[in-house]
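The structure under discussion appears below in the form of structure tokens.
The values are calculated or read from the model by the stated rules, or taken from the named source; none is laboratory data. This structure is a prediction, so every number in the text was calculated from the model and none was measured. FYI the Cβ positions are ideal-geometry reconstructions off the backbone, even for glycines, and counts take in every protein chain you see. Just so you know, the surface numbers come from the protein's heavy atoms only, side chains and all, with ligands and any DNA or RNA stripped out. Shrake-Rupley method; radii C 1.70, N 1.55, O 1.52, S 1.80 Å.
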Amino acid sequence: MTTVERASVPGAVRLSRALLIAVAVSHLVIPLVMWAYKNTLREQIAAGYPSFTESEVVRSAEVAVQSGAVFHGILLVLCVVPAWKLATGRPWTRRLTTATQLLSVVFGVFSWSSSPMFHAVIPVVAIAQIAVVALLWVPRQAREFFS
């Protein structure tokens with residue numbers, strides 16, 4: 001982004017882009033943590049489903065890690081692309097960002113209920129996502145930028 005472009009993008013939009021990058025990093029890190037702590041994940045599954053055999057627990061943990069990687073990979077893209085495109089000021093970028101970030105907050109509720117592994121992270125990421133949406137819609141300069 002050139003100096004002229006930077007000056008024309010409101011501060012609230014620049015901050016929302018920075019927050020989107022931070023959220024994107026979380027979507028990159030979470031599957032890596034799930035993979036690194038597969039044993040903890042297995043223990044949680046075994047405790048939650050005592051009727052599962054050992055092979056069912058192992059398979060469930062593998063499915064959780066794989067599906068988590070795919071899911072968070074998609075959410076990573078849905079943070080990086082808008083973070084890059086928001087500077088254009090096109091209204092669709094603000095709508096896409098709003099929809100994806102609010103849906104991601106809803107998905108966070110599901111993640112919260114499925115495993116305690118990320119209980120410390122989920123509220124922080126959700127606050128950042130809500131802040132992104134507020135920064136794109138509340139400040140007058142941001143609204144004017146996208147009109």
- Message: Which of the numbered conditions does Ala12 fail, given that it passes all the others? Conditions: (1) part of a helix (DSSP H, G or I); (2) over 27 Å from Gln141 (Cα atoms); (3) not aromatic (Phe, Trp, Tyr).
- Response: (2)
- Message: Anything in the stretch 34-80 that is open to solvent by 70 Å² or more (accessible area, probe 1.4 Å), among the hydroxyl-bearing types (Ser, Thr, Tyr) and either under 25 Å from the mean Cα position of the chain (by Cα) or within 25 Å of Ala18 (Cα to Cα) (or both)? List them, or say none.
- Response: Tyr37
- Query: Regarding Ala142, is this residue open to solvent by less than 20 Å² (accessible area, probe 1.4 Å) and at pLDDT 95 or above?
  - Reply: yes
- Message: Restricting to the stretch 81-97, name every residue that is open to solvent by 20 Å² or more (accessible area, probe 1.4 Å) and either closer than 16 Å to Ser26 by Cβ or within 14 Å of the chain's Cα centre (by Cα) (or both).
- Response: Val81, Leu96
- Message: Any residue that is over 12 Å from the mean Cα position of the chain (by Cα) and crowded, with 16+ Cβ neighbours inside 10 Å - is there at least one of those in the stretch 117-129?
- Response: yes
